[in-house]
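Enquirer: Questions regarding the structure given below will be posed in turn.
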Amino acid sequence: MTELQEQHSSSSIDVISKRAQELVEKINNSRASNQKVMDSFQENLLAKVTETCLLMKEHMYTVYEDNGNEMQVKLQELSEVLESCTKLNNELLEANRALASLREGLAVSQTSESQ
């Protein structure tokens, strides 16, 4: 190989080496940029998820409050129905006692008449 060819060869190697180094730097810069994008995405996603969770909690508490109010109304209605049932039961017991007394009175009077 001649000296000129050696210099050209050496020069080509230097150019290729320099180009390879530039490509490595470009790739590293691209990776750093990607990392920044991902970090930003993660922060935005976290903020959005947090916001959505807060909205869901607020809605959940509203539903709890509404359900609690409905349950209170239903429990009041149930209490009133149970009170009416207790009164009716007492009235039935009184009627049952009255009928039992009448039966006893009739039985006594039929026994007296038979004698």
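Enquirer: Once neighbouring chains are kept in place and the probe is 1.4 Å, which whole percent of the accessible area of the chain is contributed by carbon and sulfur?
Expert: On the way: 6290 of 10770 Å².
In the chain, the share of accessible area belonging to carbon and sulfur is 58 percent.
Enquirer: May I pose another question? Where does the charge balance sit around Y64 when Lys and Arg score +1, Asp and Glu -1, over other residues with C-beta under 15 Å from its C-beta?
Expert: Summing Lys and Arg as +1 and Asp and Glu as -1 gives -3.
Enquirer: Whole number in Å², please: accessible area per residue of the chain, 1.4 Å probe, ligands, DNA and RNA not counted.
Expert: Per residue, the chain has 94 Å² of solvent-accessible surface.
Enquirer: Any idea what the dipole of the stretch 1-90 comes to, in debye rounded to 20, about its Cα centre with Lys/Arg Cβ at +1 and Asp/Glu Cβ at -1?
Expert: 240
Enquirer: Using helices alone, I'd like the mean residue ellipticity at 222 nm for the chain: each DSSP H run of four-plus residues gives -39500 (n - 2.57), total over residue count, nearest 500.
Expert: Rounded to the nearest 500, the figure is -37500 deg cm²/dmol.
Enquirer: If you take Rg/Rh (Cα atoms, Kirkwood Rh) from the coordinates, which of (1) 1.94; (2) 1.40; (3) 1.28 do you get?
Expert: Structure-derived value, by its label: (1).
Enquirer: GNM on the chain, C-alpha springs below 10 Å: top fluctuator among E70, E25, E58?
Expert: E25
Enquirer: Count the lysine pairs in the stretch 28-115 that are 8 or more places apart or on different chains: how many have C-alpha atoms under 28 angstrom apart? Let's see the in-between values first.
Expert: On the way: K36/K48; K48/K57; K57/K74; K74/K87.
Qualifying lysine pairs in the stretch 28-115: 4.
Enquirer: A follow-up question, please. How far, in nm, would the chain grow between S112 and Q72 when pulled straight, counting 0.36 nm per residue and subtracting the alpha carbon separation?
Expert: Gain in length upon complete extension: 8.5 nm.
The values are calculated or read from the model by the stated rules, or taken from the named source; none is laboratory data. Computed from a predicted model, the values in this text were never measured in an experiment. Cβ: placed from backbone, ideal geometry, glycine included. Neighbour counts: every protein chain shown. Surface accessibility is based on the protein's heavy atoms, side chains included, excluding ligands, DNA and RNA. Shrake-Rupley method; radii C 1.70, N 1.55, O 1.52, S 1.80 Å.
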